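Enquirer: Input: one structure, supplied below.
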Amino acid sequence: MLILSGIAIVVIGFVLRFNPLLVVTTAALATGLAAGLGPVEVISAFGKAFNDNRYVSAIWIVLPVIGLLERAGLQERARQLIATLEGATIGRLLLVYLLFRQITAALGLHAIAGHAQTVRPLVAPMAEAAAERQVPGLDQPMRERVRAWAAATDNVGVFFGEDIFVAIASILLIKGFLEQFGISLTPLQLSVWAIPTAIAAFLIHGARLMRFDRRLQRISRV
Amino acid sequence: MITLAAVYAFAGLIFAAFALLSALDRTHRKRFGNAAFWSLVALSFLAGDYLGDFGNGLLVLGLVTLSGSGALGRSDPPTTSAEQRRLEAGRRGNRLFLTALIIPATALAGTLLLPHVTIDGAPLVDPRQVTLVSLALGVIVALAVAMIWLRAPLAAPLQEGRRLIDAVGWAAVLPQMLAALGAVFALAGVGDVVGTYASAWIPAGNLFATVAAYAMGMALFTMVMGNAFGAFPVMTAAIGLPLLIRQYGGDPAIVAAIGMLSGFCGTLMTPMAANYNIVPAALLELSNRNGVIREQIGTAIPLLGVNLILIYVLAFR
C-alpha cells in the first residue's frame, strides 16, 4: 500500500498546483524509499532514468530555427494568409488541420508536426487570425482559448491517427505484450481496430469545433 | 556511425549557449538562475553518460531546487518589433513557410532514406535512432538556409531560441522527468499493486462492468502515469487478459487495440502528460497551465464512452 504513496503525492501535488518538478521528484523519492531502496540508491535510480530519457527533451533543438523565422515574421505571415482567405473560420481551419493530422499520422508521419514545430509558429496564429476576423477586437481570455484549441486539435489528431499505422510504438507494444502470453497477432490485425475510434474522434472533436465556431459568431453579433 | 550521442552533443551546445547568453543578459532580473538551470541541462546532454547514476541524480535535484525556489524567469532578448515583423512578412511572403517546412521534410526524407545508406557495409546512421538524427539534420539545414536568406545577426538564432526556451521555462524538462518517474514506478512495482486493486473491484459475471472497468481503468491509470504505455501492461494483465479475453472469450486484437485508445483519452485529461498538455500551454503563453486540458476534456470523455461501447459490441460477437 505504501508503494502507492507516489501516486498520492502526484495527484495532490498537481491539484494544489505545486511546482511540478518538485512534485514529480518527491513522488519518485517516496516511491523508491517505500520499495525499500536507500536514499542514495533512490537518487541514483532516478538519475539513471533521467539520463536514459534524454531523447524526450531533444526536440528543443528546433527552437533556434523557429525563433529565427518568427523574428522574420513567420507568425505574421500566417495571420496575413488567413486574413486573405474568404470564408476561413477557426472551426473550419482547425477541422482541416485535424483531418490533415489524423491522415498523416495514420500514414506514419506523426513526427512532421507538433507543438513546437507547427502549432506555435503556424496553426495558433492562423487560428487567432481567423477568430479575429469572426470577432473584431477579440479579448485576451478568448484569444488564449483559441490558442488552446489549436494545441488540443493537434493532440486529438495525432493520438487518434497514429495507431492506424502499423509500425507505431503503441501497436508494437501491444503485439509484444500479447506475445508473452502466447497470443500472436500481426500489427495490421491490431491497427485496423484503431479506425472506428479515429472516426469517432473526428466526429466528436469536429462537432465541438463547429460549436465553438458558432459561439464566436454569436459573440460577434452581440 | 552517427548515433544519438551526436544529437545530444548538438542539443548540449545549444543549451550551453542559452546559459551563456542568459548570464550575459544584464536586463534580465533572474539571469543567473536561468544560466544555472540551462547549464545543468547542457551538462546532462554533453556529459550525462560520464556523471554516473548518482551524479545524474544530483543534477536532477539541482534542476528541481532551482525551479522550485523560483530562480527562473522569462527573458526579453533583443528582437524585431511587431511593425518590423509585419513588413518582413509582407516582403518575404510564403517562402517563410517553405523554410519552416525544411525541418519536417528533412526529418521525413531522412527517416525513409538514411537506413539504406551504408559506408563499407556499416550503416551511416544508427537505424534505431534515425528519426531524431534526421530531425537534427533538418534543423541544421533549415538554420543554414534561413541564416543565408534572412541575413540575420549571427547570434540571432540563439537569442531567439533563448526567448522561446525561457517562455517554456521549467516545463522544458518536465516530460523527461515524468519519463524517469515512470521508470522508478516500474522498478518499485507500482503497476502490480494497482492491477491487484483494480481487478478486486469488479463485480463477478457482469461483462459490461468488466469492459467498463478495463476502459476506465486504462484512462484513469494513464492519467496517473502520464502515458498509456505505462498503463497498458498493468491493466491488460489485471483485467483485459484474464477476464475479457480468457474468461469471456473476447477478441484479443479488439480488446487490446481499443483498450490502448481508451488510455489515450486519459492522456488528454492529465497534466502528467506534460509534453502534450503542459508544454504547449507554456509555448502558447497561456495564463492557465491547464488551458489545453480544459478544451480537451469535452472530447476525451465522450470518446472514452465510445471506446467502451466499441469493445463491448465488437469484441464479443
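Enquirer: Among all residue pairs at least 6 apart or on different chains, which show Cβ distances below 9 Å where the first residue, located in the range B:5-26, is under 16 Å from A:Pro64 (Cα atoms) and the second is outside any helix (DSSP H, G or I)?
Expert: Short answer, once both residue conditions are applied: B:Ala17/B:Ala155; B:Leu21/B:Ser75; B:Leu21/B:Pro77; B:Leu21/B:Ala155; B:Ser22/B:His28; B:Ser22/B:Lys30; B:Ser22/B:Ser75.
Enquirer: Restricting attention to the range A:161-172, report how many residues are touching a residue at least 60 places away in the same chain (Cβ under 8 Å) and assigned to a helix (DSSP H, G or I).
Expert: 1
Enquirer: Could you figure out which of (1) crowded, with 19+ Cβ neighbours inside 10 Å; (2) out of contact with any Phe, Trp or Tyr (no Cβ under 8 Å at 6 or more places or on another chain) isn't true of A:Thr186?
Expert: It is condition (1) that A:Thr186 fails.
Enquirer: Taking the range B:216-262, which residues are without any contact (Cβ under 8 Å) to a residue 24 or more places away in the chain and farther than 21 Å from B:Leu303 by Cα?
Expert: B:Leu241, B:Ile245, B:Arg246, B:Gln247, listed by residue number.
Enquirer: Consider the range A:52-62. How many of its residues are farther than 14 Å from B:Leu101 by Cα and touching a residue at least 12 places away in the same chain (Cβ under 8 Å)?
Expert: Adding up the residues that qualify gives 2.
Enquirer: Condition test on B:Ala213, is it within 9 Å of chain A (Cβ to nearest Cβ), more than 24 Å from B:Gln176 (Cβ to Cβ) and crowded, with 17+ Cβ neighbours inside 10 Å?
Expert: no
Enquirer: Another question, then. Applying the selection to the range B:11-23, what residues are farther than 12 Å from B:Arg162 by Cα and surrounded by fewer than 19 Cβ atoms within 10 Å (Cβ to Cβ)?
Expert: Across the range B:11-23, the qualifying residue is only B:Leu13.
Enquirer: Sort out which residues of the range B:263-317 are without any contact (Cβ under 8 Å) to a residue 24 or more places away in the chain, more than 17 Å from the chain's Cα centre (by Cα) and facing chain A (nearest Cβ under 8 Å), and write them in order of number.
Expert: Once the filter is applied, which keeps residues that are without any contact (Cβ under 8 Å) to a residue 24 or more places away in the chain, more than 17 Å from the chain's Cα centre (by Cα) and facing chain A (nearest Cβ under 8 Å), the range B:263-317 yields B:Leu286, B:Ser287, B:Asn288, B:Gly291, B:Arg294, B:Glu295, B:Gly298, B:Pro302, B:Val306.
Enquirer: Here is a follow-up. Condition first: more than 7 Å from chain B (Cβ to nearest Cβ) and either within 30 Å of A:Arg120 (Cα to Cα) or among the charged types (D, E, K, R) (or both). Now tell me which residues in the range A:170-180 satisfy that.
Expert: A:Ile171, A:Lys175, A:Glu179
Enquirer: Still on this structure: I need a count of the residues in the range A:58-72 that are at the interface with chain B (Cβ under 7 Å from one of its Cβ atoms) and either on the phi > 0 side of the Ramachandran plot or modelled with pLDDT under 90 (or both).
Expert: 1
Enquirer: Let me ask another. Please determine, by comparing only the residues of the range B:109-128 that are part of a helix (DSSP H, G or I) and surrounded by fewer than 19 Cβ atoms within 10 Å (Cβ to Cβ), which one is farthest from the other protein chains (Cβ to nearest Cβ).
Expert: Going through the qualifying residues, I end up with B:His116.
Enquirer: Sticking with this one: Name the residue, out of A:Val123, A:Val158, A:Val119, A:Val146, that is within 8 Å of chain B (Cβ to nearest Cβ) and either buried (at least 22 other Cβ atoms within 10 Å of the Cβ) or part of a helix (DSSP H, G or I) (or both).
Expert: Exactly one residue qualifies, and that residue is A:Val119.
Enquirer: Can you report the number of residues in the range A:1-42 which are closer than 27 Å to B:Gly73 by Cα, assigned to a helix (DSSP H, G or I), at the interface with another protein chain (Cβ under 7 Å from one of its Cβ atoms) and in contact with a Gly (Cβ under 6 Å, 6 or more places away or on another chain)?
Expert: Total satisfying the criteria: 2.
Enquirer: Okay, next question. What are the residues in the range B:62-91 that are without any contact (Cβ under 8 Å) to a residue 40 or more places away in the chain and among the charged types (D, E, K, R), if any?
Expert: B:Glu83, B:Arg85, B:Arg86, B:Glu88, B:Arg91
The values are calculated or read from the model by the stated rules, or taken from the named source; none is laboratory data. The shown structure was predicted, so the numbers you read here are calculated from the model rather than taken from an experiment. Cβ sites come from the backbone with ideal geometry, for glycine too, and all protein chains shown count toward neighbours.
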